Every structure is written in structure tokens, then in C-alpha cells.
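None of the figures in this text is laboratory data; all of them are computed from the coordinates on show. The shown structure was predicted, so the numbers you read here are calculated from the model rather than taken from an experiment. Cβ sites come from the backbone with ideal geometry, for glycine too, and all protein chains shown count toward neighbours.
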Amino acid sequence: MNVVKPLKSADDLVMAGLVAPADRRALEEVAARYAIALTPDMTRLIDRADPDDPIARQFVPDAAELTILPEERADPIGDHAHSPVEGIVHRYPDRVLLKAVHVCPVYCRFCFRREMVGPQGLGTLDAAAMQAAFDYIRGHEEIWEVILTGGDPLVLSPRRLRDIMEALADIAHVKIVRFHTRVPVVDPDKVDAALVDALKASGKTVYVALHANHVRELTAEARAACARLIDAGIAMVSQSVLLKGVNDDPDVLAALMKAFVEIRVKPYYLHHPDLAPGTGHFRLTIEEGQRIVSQLRGRISGLCQPTYILDIPGGYGKTVVSGSTVQARGDGCYSVSDYRGDEHSYPPAE
Ligand code: SF4
């Protein structure tokens, strides 16, 4: 199928043959709450003959998203609790998130910030808010790393990205700038010489953390986009989410992690899915996750091993999912310890 435009509504999905007309009404209800977008690259990648296609499952909305479970939260990882100024999240001493933009080229159905992103989301920081964010970073000498996330920061034009990088260039204590993005996979042509030059404009060390969850996302075009970044001196790491029906299988995960290493993207984070509203159909239990991840050990090279992590609800930060940090309790919940050693309760998957 020759797809040239992004799909952004239930009608678009019906027209593209990705959902049945009978499902349109339910999906309009989903769309009223959570943004929809598929890029042409992702639409082309969907295997319409496979009812369980892992690409479709990530991006095509589902009526199951209308089921909100009691443990789910609008702000599952607690960004708001650590936001001193608009667009900044300062959760750990040495680094901040800078959320310059709240739109994405695709909207992942399991997104942890689904209540904040999208055309109806928190929008793009205006010039005054950006200045306040830079002033905050400048005023906190302990900030060693700035992580641009969102939304997807690489939707910004090269000119806007260059402005951000040039502003950060003036802040001597910031040594590392990291971008979290899906763009090299979902819109690889956007990674052109102008964008690469813009990312390098600060003269700082730049990392790009690529979000991909299935090896089929790493198309020839996506691999070439990553190569353009890496060949320009930008380091790349991966982040994936462990998702029921997408990659909850050791063979599928192993293929993804090996492909990352083959294209010089070091596997970094494998996230346990967050408690985002309407995403219960993607979540597995921590025990299931540990069983899958344990089956990667020995099966694939140490280079290919990601760190399996859980973002503790409420803004307490990430913890590695291991026997010493995450323990089952008698009541069906888990006890999870944060990086300070404090204990928190985590609910079961279902
Ligand atoms: S690209 Fe990231 S921020 Fe955007 S919808 Fe997907 S997970 Fe959420």
C-alpha cells in the first residue's frame, strides 16, 4: 500500500483498512482522550494479514484503552512532583529532563505520558518558558546532563534544535545532552544533515536514546538514519518497553537487542510498562518480566543485555528490577526500593 500521509484519526484508520468500520465509534471515543498518529513508515510496516501484528499493536488504538484500572494514574512516573519550572523535571541531583515539546510523530498506545502529549497536550514551550528553563539549568551547577524528552524532541526543526543546543553550549557545567526519540525509526528521513548538524551545535557530548520495541522497526531506512547520527560522532543507546503482545518473548527480545548492537546502538533500558491510564492490556506481572529477562542471560552476548527497570509510581525514580530491589509481598503487591533505599508499594499487573 502506498501511504504518503500520517494517519491521525479513527476515520483515517478505517480508510487505510487498519480497523473495521464497526470499531470506528469506540475508537473515536479513544481518540477523544488520547492522540492518534502513525507515520507512513510505520503504516507501511504493519502486516495486515497478521491480527497480532506487533507494530499495529503499538500504534493502532484499541477499545481496551477505555478501561481504566484503579491503580492507573494520569502522571504515572510523577513528573509533576519534581517540576520546579515549566518544562523541567529535576528528579535526580545530576540531571534534568527538558520537555520542550509535547507532540510526537507517532502516539504509542502504551505511552506513560499519554495524558500530556498530543495536539491537545501541554504544547511546546514558548520563548519565555524556554528561557526560564535555561535559567534554571544555569542556576544549578550540579546539573551535569540535560535530557530532552517530551513528546519527541526530534520533531522540532533543525533551527529550533540548534537554538536549544547553542543555549546549552553556554552552560559550562552541562557536559552531556541526551535526546529520547523515536524519530530515527518512525520517520527516518527526518534525520538529515541539517538535523545532525543541529544536534552537534553545542560542542557537548550528545547521546541519542532510541525507542524501539520490536526488531521489525529497525528497517533499512531506520538503520541508515542511526548510522548518520553515529558516523557524525553521536553516541546511541536504546530504550524499549516490555509489552504484552509485542515483545514479551525471550526470542523476540533477543532479536531486538542483537539488532541494536549490530547497528551500534548499545542496549540500555528495558522498561517495565508504567501504570498509564488504559494500558492494562499491555502490562505483564513483574514475575513474568523477570522470567523473560532472565532467559536473555547466557543466550545473547553481554553487549546485548539491557537493564530491566521500573519507574516507581509517584516520582521516586527508577529502580533496577532485581531480587534485592523488588520483592513480592503476601498481599499480591510488591515492595520496591528506590535509589535512596526507601520502600514503596507496587500493585500487581491485574
Ligand atoms: S514517542 Fe514517547 S512520548 Fe511520544 S507517544 Fe511514544 S512513548 Fe509517548
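Overall, the ratio between the Cα radius of gyration of region 278-350 and 2.2 N^0.38 Å, rounded to two decimals, is 1.16. For the chain, modelled as a GNM whose springs connect Cα atoms under 10 angstrom apart, the maximal fluctuation among G330, G317, G118 occurs at G330.
Taking 0.36 nm per residue of sequence separation and removing the Cα-Cα distance, the S345/A194 pair yields an extension gain of 49.7 nm.
Projecting the Cα atoms of L256, L229, P306 onto the charge dipole of region 220-350 (Cβ charges, centred on the Cα centre) puts L229 farthest toward the positive pole. Taking Cα centre as origin and charging only the Cβ of basic (Lys, Arg, +1) and acidic (Asp, Glu, -1) residues, the dipole magnitude of the chain rounds to 760 debye. When the charge dipole of the chain is built from unit charges on Cβ atoms (+1 for Lys and Arg, -1 for Asp and Glu) and taken about the Cα centre, the candidate among Y316, A31, S294 whose Cα reaches farthest toward its positive end is S294. Taking amide hydrogens as placed 1.01 Å from N in the peptide plane, the amide H of R178 sits under 5 Å from those of V146, I147, L148, Y207, each at least 5 positions away in sequence or on another chain. Label zone (A22, point 7 Å along Cα-to-C-beta; backbone nitrogen cut-off 16 Å) within region 56-72: 63-64.
Size estimate for the chain follows the Kirkwood approach: the inverse of mean 1/r over distinct Cα pairs works out to 20.8 Å.
Using alpha-carbon positions, what is the distance between the centroids of region 248-301 and region 10-83, in Å? Between the Cα centres of region 248-301 and region 10-83 lies a distance of 21 Å. Placing pseudo-labels 7 Å out from each Cα toward the beta carbon at Q327 and A128 gives an inter-label distance of 5.1 nm. Compute a Gaussian network model of the chain, connecting alpha carbons closer than 10 Å, and tell me which residue from A127, A222, A49 fluctuates the most. Taking springs between Cα atoms under 10 Å, the residue moving most is A49.
Phi-derived couplings, Karplus 6.51 cos²θ - 1.76 cosθ + 1.60 at θ = phi - 60°, listed residue by residue for region 45-53: 7, 6, 8, 5, 7, 9, x, 10, 4 Hz, with x used for Gly and Pro. From most to least packed by mean Cβ count within 10 Å, the peptides 276-283, 288-295 give 276-283, 288-295. Fully extending the segment from E142 to T205 would add 21.0 nm, taking 0.36 nm per residue of separation and subtracting the current Cα-Cα distance.
Helix-only estimate, please: 222 nm mean residue ellipticity of the chain, summing -39500 (n - 2.57) across DSSP H runs of length 4 or more and dividing by its residues, to the nearest 500.
Taking each H run of at least 4 residues, the total per residue is -8000 deg cm²/dmol.
Taking each residue as 0.36 nm, the span from L69 to T307 lengthens on full extension beyond its C-alpha to C-alpha distance by 82.9 nm. Positive contributions from Lys and Arg (+1) and negative ones from Asp and Glu (-1), summed over other residues with Cβ under 14 Å from the Cβ of R57, come out at -4. Once both labels are positioned 7 Å from their Cα atoms along Cα-to-Cβ, the gap between E86 and R291 label points is 4.8 nm. Rounded, prolate or oblate: which fits region 83-200 when a ≥ b ≥ c are the square roots of the eigenvalues of the alpha-carbon gyration tensor, with rounded for a/c under 1.5 and prolate only if a/b beats b/c? The shape class here is oblate.
Here the peptides 30-41, 145-156 are ranked by packing, the mean other Cβ count within 10 Å, and the order with the highest first is 145-156, 30-41. Backbone phi angles across region 304-319, fed through the Karplus curve with coefficients 6.51, -1.76 and 1.60 (θ = phi - 60°), yield HN-Hα couplings of 8, 7, x, 9, 7, 10, 10, 8, 6, x, x, x, 7, x, 8, 9 Hz in residue order; Gly and Pro are listed as x.
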